1. Being in contact (Cβ under 8 Å) with a residue 40 or more places away in the chain, closer than 25 Å to T211 by Cβ and of a type outside the set (D, E, K, R): is that true of Y130 here?
2. Would you pick out the residues in segment 134-159 that are open to solvent by less than 10 Å² (accessible area, probe 1.4 Å) and within 16 Å of ligand 2 (Cβ to nearest atom)?
3. Please find, within segment 256-287, the residue that is surrounded by the fewest Cβ atoms within 10 Å (Cβ to Cβ) out of those that are acidic (D, E) and assigned to a loop (DSSP other than H, G, I, E, B).
4. Output the number of residues of segment 380-410 satisfying the condition of being touching a Phe, Trp or Tyr at 6+ places or on another chain (Cβ under 8 Å), over 26 Å from L324 (Cβ atoms) and of a type in the set (A, V, I, L, M).
5. From the list G473, G425, exactly one residue is modelled with pLDDT of 95 or more and on the phi > 0 side of the Ramachandran plot. Which is it?
6. Go through L58, L16 for me and flag whichever is at pLDDT below 95 and either farther than 23 Å from Q151 by Cβ or surrounded by 14 or more Cβ atoms within 10 Å (Cβ to Cβ) (or both).
7. Find the residue count for segment 463-481, including only residues that are open to solvent by less than 30 Å² (accessible area, probe 1.4 Å) and under 23 Å from the mean Cα position of the chain (by Cα).
8. State whether one or more residues within segment 404-426 are over 27 Å from F132 (Cβ atoms), within 16 Å of ligand 1 (Cβ to nearest atom) and open to solvent by 10 Å² or more (accessible area, probe 1.4 Å).
Amino acid sequence: MTRIGIRLLAIALLVLSPACSPTAVASPVGPTEAAGDPAPGGVVRHFDITAEAATIELRPGLHINAWTYNGTVPGPTLRATVGDLIDVSFHNHLPESTTIHWHGLAVPNGQDGVGGLTQDPVPSGSSAHYAFVATTDGTYWYHSHQNSLAQLDRGLYGVIIIAPRTEPAAPGTDATLVFDEWPLGLERPSPPPASDFSMISYVTYTVNTKTGSAIAPVRFEPGKLVRLRLLNVGAFDHFVHIDGQPVTIVAFDGHAVRGGPPTTDALPLGPAERLDVEFTGPNTALWIHLQDGMPPAADLVVPLLPVGMSVPPIPAMSSPAKVLDIFDYPAHAVDTVWPANTVPNKAFTLHLSAQLAPGGVQAMSPDETLYEINGAAFPATGTLEVGLGDFVQITFVNDSSVDHPMHLHGMSFQIITVNGLRPAGVLVKDTVVVAPKARVTIGFKADNPGWWMLHCHILYHSLGGMMILVHVGGASRLAQLGGPFGGRPD
Ligand code: C2O
Ligand code: CU
């Protein structure tokens, strides 16, 4: 049959179908398990968030057609204090369905915002309500978890900063730096169709969605504490070199650590990871370079300047620094999740592989590669079944030659061993970069019932299959893949 013939047949079936199947139109499953009140002492923080298309200027003359929350990328920074109720009225003005996921926050399963798993995606033109209590302080982020590669590549993300209940002396400067890369094909006067850009040709690197001379300097007061919150919301590893300034890491993926020494090493920041660092403001200008070795990284230099200093010309980076091995950094998480000598109730080994799709095999990823877990691609990867309260150990074995930043929803984990060795400190995280040929064991307490994603956060790897489900405590599943609303977490 010709293509037009098929199209006519499809239209005929559409026209006929109401008569053939007189079922009522289902309504989508929205977010469930909303909290009604803050914790004692907390307050309600209400946010209106609208997903909408907007034109964003990366630098003078370079405009892109972005998808945004409230017209900006990153979207509005959501600030709250531990115990507050984060209450979000969400409106979808995009041409396709979407969700919001709260990356790194342990919310009830029905609030996790995963299309086709914890809710149906919110259709174009519809609204949804999310409400959950902020239980841990730190630097987190939010983003779509429906058709994720395309939606995050276009800018659907924002930052969440949760302050501790008792804030230590506030720093003089508290700045957030969000690193991303933009694919070719978004710089057009009219919205390109979803498939019409080369998803892995990330040609422009940005910080807070600015590049080159459009990057605004961060200002600090000499002698006062400076806190920088570094987030990587993109697809590539970045190596953040704060040239010449020793900094102390005070949080990994939002989780506060104590006792870390100052370091001048380049700070590795994998996809979805966060690092908070502190230092005392010097009397001189500082510069952040990305020590990535990729040509577009050269356009990303962040000036850090004492208040009042005019912007000097950008110096070249002094010689590249050694890259910090975070597993050698002897800082201790304030809230550990894996008490010493814990014996796991459940242990799993997940082999991570990547191979070019053989002829005739359709790969979902735009780079024509199969990204698999134990030889299968999602949803054929199956489910890790664990009981409520189990201490669960998962060993990632990276059989491929590329990094995989593995991210668990719903619960934070501790790094137990890396290539058989304990890390120097105690690291609690939600995302861990598993280097090529490395073997990383994580441990967590399965204290949050539900169906949770565990996936690589390079989103063309997750689209290519590198996702698996963790089912805690026999909870019932809230939404299904596909169906009339087309739920798809990748
Ligand atoms: Cu940042 Cu499954 O997500
Ligand atoms: Cu990966």
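1. Details: in contact (Cβ under 8 Å) with a residue 40 or more places away in the chain: yes; closer than 25 Å to T211 by Cβ: no; of a type outside the set (D, E, K, R): yes.
The answer is no for Y130.
2. S148, L149, L152
3. Just the residues of segment 256-287 that are acidic (D, E), to begin with: 265, 273, 276, 278.
Retained after the next criterion (residues that are assigned to a loop (DSSP other than H, G, I, E, B)): 265, 273.
Working: D265: 20, E273: 26.
Going through the qualifying residues, I end up with D265.
4. Summing the residues that are touching a Phe, Trp or Tyr at 6+ places or on another chain (Cβ under 8 Å), over 26 Å from L324 (Cβ atoms) and of a type in the set (A, V, I, L, M) in segment 380-410 gives 2.
5. Numbers: G425 fails: on the phi > 0 side of the Ramachandran plot.
After applying the criteria, what remains is G473.
6. Numbers: L58 fails: at pLDDT below 95.
Answer to the selection: L16.
7. Let us first name the residues in segment 463-481 that are open to solvent by less than 30 Å² (accessible area, probe 1.4 Å), namely 463-472, 475, 479.
Right, trim to under 23 Å from the mean Cα position of the chain (by Cα) and you get 463-472, 479.
Residues in segment 463-481 being open to solvent by less than 30 Å² (accessible area, probe 1.4 Å) and under 23 Å from the mean Cα position of the chain (by Cα): 11 in total.
8. Step one: list which residues in segment 404-426 are over 27 Å from F132 (Cβ atoms), which gives 404, 416-425.
Cutting the leftovers down to within 16 Å of ligand 1 (Cβ to nearest atom) gives us 404.
Subsequent filtering for residues that are open to solvent by 10 Å² or more (accessible area, probe 1.4 Å) retains none.
No, every residue in segment 404-426 fails to be over 27 Å from F132 (Cβ atoms), within 16 Å of ligand 1 (Cβ to nearest atom) and open to solvent by 10 Å² or more (accessible area, probe 1.4 Å).
The values are calculated or read from the model by the stated rules, or taken from the named source; none is laboratory data. As the structure is a prediction and not an experimental result, all values here were calculated from the model. Cβ atoms come from the backbone with ideal geometry, glycine included; neighbour counts cover every protein chain shown. With ligands, DNA and RNA removed, areas are computed over all heavy atoms of the protein, side chains included. Shrake-Rupley method; radii C 1.70, N 1.55, O 1.52, S 1.80 Å.
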